[in-house]
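Heads up: the structure comes next, in structure tokens.
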Amino acid sequence: MKYKLLSELKSAAAPVSGQELADRLSVSRTAIWKQINNLRADGYEIVGRPKAGYTLIGPENVITPGAVEARIPAEYRGHVVVLADTDSTNEQAKKIAAPGGFDPGGMVVARRQSDGRGRFGRHWRSPVGGLWMSVVIRPPIPTADSGRVPILASVVVAGAIRELTKIDVRIKWPNDLLINDRKVGGILTEVAAELATVRYIVVGVGLNANFPASLLDDIDGARATSLLSEGGDPVDLCNLAAAIASRLFERAPRLAHDFADVLGDWRRASGTLGRDIVIRASGEEHRGRAVDVGSDGALIVELAGGERRTFRAGEVTLRPKS
Ligand code: BTN
């Protein structure tokens, strides 16, 4: 009944009244009203105007497993979980991957998260309209090389956004996504490893997509933005989710051999190299210019006194361009 109602709304060229929908589906108007509310709870945006009737807007805001699975490699089909509302997709993905599920990989996407997690234990705001997804990969790499994954993930996400929206997205080291120095998305990578080898890695991607930036507070001290505010049009979330996951599934198995290519892509998409920055690492703050990334993805900074220092972890703030 809910899906019949949805297809009636999808095919309607003009607003449809509750009575008309009730007649078409041979149910009461109260039943229509209840199902409209269920669809809204699933994340569909449906506007109801008193005399005119109901209009479905923004179907691109709605992710369905079928639409994502049609666009990812065959071996991962059946491994796409879509949730209307969850605490954190990273948590849900770990619950499936830890006992051996999602082999060789899989993904969890949510329309909304109540307890989205950011880096450094921060909360991540996740309203309806954003892309909140966690991709599980099982790359054959030693635990010591797991720092390659956040670098790959940022290259993949920036590439998918550029391809689908033509927006010039840049990467702030190691894996924040920026448009004109404003944060549009972030990545939280969690590694499950034996002593020497990786078991699985959860790549949690959060993108402020189809809602205006005014809905957000600033993120990590940087001004926040959204794809909608920058590009003007909503993006198709199914396409974007599938493009990100497919690229990760394709490139993760080659991570042991092809990291030089990944670093090349990272350098080209970087919004950090050549910039004056402040980096906070191990409780200390350092100022300097970001000059390169090392072969393991660490950031190389030329400090004020001319000394070069390598940072494997830390939080970067870009200083305004002079
Ligand atoms: C950051 O702090 O920049 C990283 C933010 C990562 C947020 C995403 S949203 C999907 C996934 N689930 C989470 O709880 N966090 C990540």
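The values are calculated or read from the model by the stated rules, or taken from the named source; none is laboratory data. All figures in this text were calculated on a predicted structure; none of them were measured in a lab. We place every Cβ from the backbone using ideal geometry, glycine too, and count neighbours over all the protein chains shown.
Couple of notes before you dig in:
- The number of residues in the stretch 19-44 that are among the small types (Gly, Ala, Ser) and within 36 Å of the chain's Cα centre (by Cα) comes to 3.
- Set ALA256, ALA242: member being within 22 Å of GLU75 (Cβ to Cβ) and either within 16 Å of the ligand (Cβ to nearest atom) or not in a loop (DSSP other than H, G, I, E, B) (or both): ALA242
- Selection from the stretch 259-277 of residues that are outside any loop (DSSP other than H, G, I, E, B), loosely packed, with under 13 Cβ neighbours inside 10 Å and not charged (D, E, K, R): ALA260, GLY264
- Residues that are assigned to a loop (DSSP other than H, G, I, E, B), free of Cβ contacts under 8 Å to residues at least 24 places away in the same chain and under 21 Å from TRP266 (Cβ atoms), drawn from the stretch 281-322: GLY294
- GLY106 being of a type in the set (Gly, Ala, Ser), crowded, with 21+ Cβ neighbours inside 10 Å and either in contact (Cβ under 8 Å) with a residue 12 or more places away in the chain or more than 7 Å from the ligand (Cβ to nearest atom) (or both): yes
- Hey, ILE36 without any contact (Cβ under 8 Å) to a residue 40 or more places away in the chain and at negative phi or not: yes
- Scanning the stretch 87-100 for residues that are more than 9 Å from the ligand (Cβ to nearest atom) and either in contact (Cβ under 8 Å) with a residue 12 or more places away in the chain or buried (at least 22 other Cβ atoms within 10 Å of the Cβ) (or both) returns LYS94, ILE96, ALA97, ALA98.
- Test: residue in the stretch 17-37 that is assigned to a strand (DSSP E or B) and in contact with a Lys or Arg (Cβ under 9 Å, 6 or more places away or on another chain): no
- From GLU69, GLU45, GLU8, GLU20, residue being farther than 26 Å from ASP236 by Cβ and surrounded by 13 or more Cβ atoms within 10 Å (Cβ to Cβ): GLU20
- One residue stands out in the stretch 125-137 among those that are modelled with pLDDT under 95 and not charged (D, E, K, R): the one that is nearest to the chain's Cα centre (by Cα), namely GLY130.
- Residue match in the stretch 61-79 (condition: farther than 26 Å from ASP220 by Cβ, in a strand (DSSP E or B) and not aromatic (Phe, Trp, Tyr)): no
Listed here are the residues, each with its yes/no results for (1) among the β-branched types (Val, Ile, Thr); (2) surrounded by fewer than 21 Cβ atoms within 10 Å (Cβ to Cβ); (3) part of a helix (DSSP H, G or I); (4) touching a residue at least 60 places away in the same chain (Cβ under 8 Å).
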| site | (1), (2), (3), (4) |
| --- | --- |
| PRO127 | no, yes, no, yes |
| ALA144 | no, yes, yes, no |
| ILE151 | yes, no, yes, yes |
| LEU164 | no, yes, yes, yes |
| ILE171 | yes, no, no, yes |
| LEU178 | no, no, no, yes |
| VAL198 | yes, no, no, yes |
| VAL205 | yes, no, no, yes |
| ALA209 | no, no, no, yes |
